[in-house]
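Just below is one structure, and these are the notes that go with it.
The values are calculated or read from the model by the stated rules, or taken from the named source; none is laboratory data. This one's a predicted model, so the numbers in the text were calculated from it and none came from an experiment. Neighbour counts are summed over all protein chains in view; Cβ atoms, including those assigned to glycine, are modelled from backbone coordinates with ideal geometry. We work out accessible area using only protein heavy atoms, side chains counted, and drop any ligands, DNA or RNA first. Shrake-Rupley method; radii C 1.70, N 1.55, O 1.52, S 1.80 Å.
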Amino acid sequence: MTTFIQQLINGITLGSVYALIALGYTMVYGIIKLINFAHGDVFMVGAYIAFLCVTYLKLGLLPALIISMIFCALLGMLIEKFAYKPLRNSPRISALITAIGVSLFLENLMQLLMGADSRVFPRLVNEKNYHLFHGKVVVNNKQIYLLIITILLMLLLNFIVKNTKIGKAMRAVSQDMDAARLMGINVDTTISYTFAIGSALAAAGGVLVGLYYNTINPLMGVLPGLKAFIAAVFGGIGIIPGAMLGGFSLGVIETLVSGYGSSMYKDAVAFALLILILILKPSGLLGKNIKEKV
Amino acid sequence: MSFAASKTIKIGVNLELSQAVAQYGQKELQGIKLAIDEINQKGGVGGKKIELVVVDNKSDKTEALNVATRLAVRDKVLAILGPATSGATKSAASAAMKYKVPIISPSATDDTVTVDERTGKTKAYVFRTCFNDSFQGNVMANFALKTLKVKKAAIIYDASSDYSKGLSKNFKQTFTKGGGKIVAEEAFARGEQDFSSILTKIKNKKPDVIFAPVYYDEAGLIIKQARELGMSIPILGGDGFDDPKVVAKAGKKYADNVFFSAHYSSQDTDSKVQEFIKKFKKKYNTEPNAFAALGYDLGYFIADALKRANLKFDSIAKDRERLKTAIENTKNFVGVTGIVNINKNHNAEKSAVIIELKNGVQMFKQKLNP
């Protein structure tokens with residue numbers, strides 16, 4: 001039982017990272033139906049910005065986190081403006097290919113600027129372990145930080161989407177872009193803000209991963225990016241609570257697969273899950289089945 | 001310009017200079033360059049300077065083969081130094097055999113690098129200047145049984161790495177033969193960062209020791225995550241642990257009670273070792289690790305073979321053949337990492353050292369001869 005609880009804790013930690021990245025995927029998809037494959041790389045850039053802030057400017061965790069989120073928000077807007085906006089009326093496949101291009105561009109640019117080798121992320125918090133159940137279950141303070149910061153950011157996002165003007169505009173654009181425009185909503189600005197918010201969340205994920213694993217490298221966004229995409233589809237792409245649910249479930253499932261089966265199967269299980277969901281319920285766990293009207 | 005008329009002797013370098021295990025390749029390149037610069041300053045070999053043609057294989061097996069082919073065919077090098085890792089060297093070996101150009105790895109330790117798995121025959125053009133994994137696996141298993149006096153071991157290995165698979169197999173053989181028991185054997189795939197779930201599983205089986213024959217990136221993470229889960233048992237590894245990043249990633253506090261086999265220790269008081277450290281520091285302003293030392297030795301090793309090869313510069317194929325014979329006949333070559341004798345399987349017979357990490361500091365523990 002204690003082993004199961006320990007595995008669950010391991011899984012939730014991993015899952016909160018997926019959830020943070022999945023939120024960005026889901027928001028962008030919800031608004032302009034674009035799968036932003038560069039999103040995982042924004043996550044990587046976020047980790048590097050925090051790394052630079054901490055190493056060279058000697059900042060603490062919170063300022064580094066905020067600077068990294070702001071930087072990536074701007075980066076997200078920039079990517080949207082130069083890579084996606086000119087293609088907004090092109091076929092869906094063109095935008096997808098551009099997204100892959102942006103992804104490769106960011107990966108290689110970072111390898112050029114920072115070197116291809118992995119770097120050690122500085123220790124920003126003093127590691128502390130808490131022992132539960134007579135020492136059989138261990139939780140460390142970084143796992144707690146990871147979970148708390150993830151939940152706080154999700155609550156903030158929920159607040160923005162539900163209670164602010166820009167959130168209202170986002171929801172309107174996601175329902176019908178043309179109708180929203182007719183109602184006087186500035187669609188371009190709204191899309192821009194969506195990229196900004198999604199990218200800021202990915203940056204936060206990157207910083208937290210750097211903090212948790214102490215390791216960052218220019219390709220660190222590739223696999224988590226794919227996994228977060230699966231998480232977003234799993235929960236129902238375009239649905240914010242779905243991304244959270246998908247992220248946490250994927251983290252826990254992966255951990256249980258490697259904890260009770262073999263670590264070699266966990267990626268296979270993640271991708272098998274994606275295929276299964278696409279066959280059984282293409283709209284995802286929380287998605288509604290909308291009938292196409294003819 | 002014909003081959004005979006060229007003023008330099010071209011030697012290819014095929015190393016992991018970027019991506020996953022860049023640290024090994026970069027350190028080895030620094031070592032090789034230091035050695036070749038020294039040799040060239042003293043006039044080179046037979047009046048000709050050695051010219052290095054350096055190409056990055058991006059820590060990728062397929063790329064390592066492409067690089068070897070390019071060096072052999074387009075750049076027309078006499079021999080190729082590298083790659084650093086076993087998988088990449090095995091892949092490059094097929095180009096060496098096809099184009100009959102000798103390749104020498106400074107650090108590929110997997111047994112099947114120089115010997116064909118199926119036929120058991122030595123690959124004619126493939127050499128290494130380090131010990132192999134049968135030796136390294138033996139050393140660590142015996143160290144666990146005799147020095148640490150433990151009976152139950154858990155193994156964590158990288159299923160996508162020939163080095164990791166080979167080393168865990170050799171450790172397992174010697175450890176079980178010596179009366180030990182393997183209580184858990186867990187594999188992971190390249191690029192893994194989260195080991196907490198497999199470590200939790202291992203913790204449940206209550207081993208006395210963990211053997212993790214992995215590269216430095218994973219080594220640091222495994223040590224750290226094991227300690228965070230409250231496992232304080234000794235963690236053993238191979239020469240892949242010999243990098244400052246292991247301590248940086250695990251943290252000083254956690255990089256304790258860790259033991260690994262290595263090619264050399266900077267604490268060795270041998271004058272040749274200390275002189276090398278001084279020269280390396282002067283040139284690069286950092287401490288050399290074992291890979292830098294292996295690279296440095298390889299530079300002198302190839303120069304030594306070139307000197308003995310009696311090159312005629314009539315045809316590149318013939319000169320490659322002369323060089324290959326000279327490498328095969330290397331006896332008592334004295335390097336920083338020990339005395340090298342090339343045996344019939346094209347392996348270097350030499351000693352290993354065991355290094356302990358104590359609060360993040362490398363301590364020389366013992367030296368073992370073949």
Do you know which residues across the range B:12-24 are within 14 Å of B:Lys61 (Cβ to Cβ) and in contact with a Gly (Cβ under 9 Å, 6 or more places away or on another chain)? B:Asn14, B:Leu15, B:Glu16, B:Ala20, B:Val21
Do we find that A:Met220 is within 12 Å of another protein chain (Cβ to nearest Cβ) and outside any helix (DSSP H, G or I) in this structure? yes
Selected residue (criterion: farthest from the other protein chains (Cβ to nearest Cβ)) from residues of the range B:171-193 that are within 14 Å of B:Val214 (Cβ to Cβ) and part of a loop (DSSP other than H, G, I, E, B): B:Arg190
Number of the exception - B:Ile327 against (1) farther than 18 Å from B:Lys76 by Cα; (2) open to solvent by 10 Å² or more (accessible area, probe 1.4 Å); (3) in a helix (DSSP H, G or I): (2)
Of the conditions (1) under 25 Å from A:Val257 (Cα atoms); (2) open to solvent by less than 10 Å² (accessible area, probe 1.4 Å); (3) more than 22 Å from the chain's Cα centre (by Cα), B:Ile182 fails just one. Which one is it? (2)
Kindly indicate which of B:Val126, B:Val67 is β-branched (Val, Ile, Thr), in contact with a helix residue (DSSP H, G or I) (Cβ under 6 Å, 6 or more places away or on another chain) and crowded, with 19+ Cβ neighbours inside 10 Å. B:Val126
For B:Ser134, work out the one condition from (1) open to solvent by less than 50 Å² (accessible area, probe 1.4 Å); (2) without any contact (Cβ under 8 Å) to a residue 60 or more places away in the chain; (3) over 16 Å from the mean Cα position of the chain (by Cα) it doesn't fulfil. (3)
For the condition more than 16 Å from the chain's Cα centre (by Cα), within 12 Å of chain B (Cβ to nearest Cβ) and surrounded by fewer than 24 Cβ atoms within 10 Å (Cβ to Cβ), what is the one hit in A:Ser283, A:Ser262, A:Ser258? A:Ser262
Residues of the range A:84-108 being among the aliphatic types (A, V, I, L, M) and without any contact (Cβ under 8 Å) to a residue 40 or more places away in the chain, in sequence order, are A:Leu87, A:Ile93, A:Ile97, A:Leu104
Which of the residues that make up the range B:224-244 are modelled with pLDDT under 95 and open to solvent by 30 Å² or more (accessible area, probe 1.4 Å)? B:Gly230, B:Ser232, B:Pro244
Verdict on B:Ala96 being surrounded by 24 or more Cβ atoms within 10 Å (Cβ to Cβ), of a type in the set (A, V, I, L, M, F, W, C) and without any contact (Cβ under 8 Å) to a residue 40 or more places away in the chain: yes
Among A:Leu278, A:Leu273, the single one that is among the hydrophobic types (A, V, I, L, M, F, W, C) and crowded, with 18+ Cβ neighbours inside 10 Å is A:Leu273
Those residues of the range B:220-247 which are part of a loop (DSSP other than H, G, I, E, B), more than 14 Å from chain A (Cβ to nearest Cβ) and of a type outside the set (Asp, Glu), in sequence order: B:Ile233, B:Pro234, B:Gly238
Within the set of pairs 6 or more residues apart or between chains, which connect a residue that is within 11 Å of B:Gln362 (Cα to Cα) and within 14 Å of chain A (Cβ to nearest Cβ) inside the range B:248-260 to a residue that is modelled with pLDDT under 95 and assigned to a helix (DSSP H, G or I) with Cβ atoms less than 7 Å apart? B:Ala255/B:Val246; B:Ala255/B:Val247
Looking at (1) free of Cβ contacts under 8 Å to residues at least 24 places away in the same chain; (2) in a helix (DSSP H, G or I), which one does A:Ser174 not meet, given that it meets all the others? (1)
Return the residues of the range A:32-49 that are in a helix (DSSP H, G or I), buried (at least 24 other Cβ atoms within 10 Å of the Cβ) and among the aliphatic types (A, V, I, L, M); say none if nothing qualifies. A:Val42, A:Met44, A:Val45, A:Ala47
Being within 13 Å of chain B (Cβ to nearest Cβ) and assigned to a helix (DSSP H, G or I): is that true of A:Gly251 here? yes
Please verify whether the range A:143-156 includes one or more residues that are within 11 Å of another protein chain (Cβ to nearest Cβ), modelled with pLDDT of 90 or more and either surrounded by 14 or more Cβ atoms within 10 Å (Cβ to Cβ) or not in a helix (DSSP H, G or I) (or both). yes
Among the listed residues A:Leu65, A:Leu52, which satisfies the condition of being open to solvent by less than 20 Å² (accessible area, probe 1.4 Å) and away from chain B (no Cβ under 14 Å)? A:Leu65
Which of the following residues is modelled with pLDDT of 95 or more and either open to solvent by 10 Å² or more (accessible area, probe 1.4 Å) or away from every other protein chain (no Cβ under 14 Å) (or both): B:Asp162, B:Asp208, B:Asp217? B:Asp208
Out of all the residues in the range A:107-115, is one or more within 14 Å of chain B (Cβ to nearest Cβ), over 23 Å from the mean Cα position of the chain (by Cα) and modelled with pLDDT under 90? yes
Got at least one residue in the range A:226-248 being within 14 Å of chain B (Cβ to nearest Cβ) and either part of a loop (DSSP other than H, G, I, E, B) or free of Cβ contacts under 8 Å to residues at least 24 places away in the same chain (or both)? no
Exception for B:Ser271 within (1) among the polar types (S, T, N, Q); (2) open to solvent by less than 20 Å² (accessible area, probe 1.4 Å); (3) out of contact with any Phe, Trp or Tyr (no Cβ under 8 Å at 6 or more places or on another chain) falls at (2)
The correct count of residues that are surrounded by 15 or more Cβ atoms within 10 Å (Cβ to Cβ) and away from chain A (no Cβ under 14 Å) in the range B:1-27 is 6
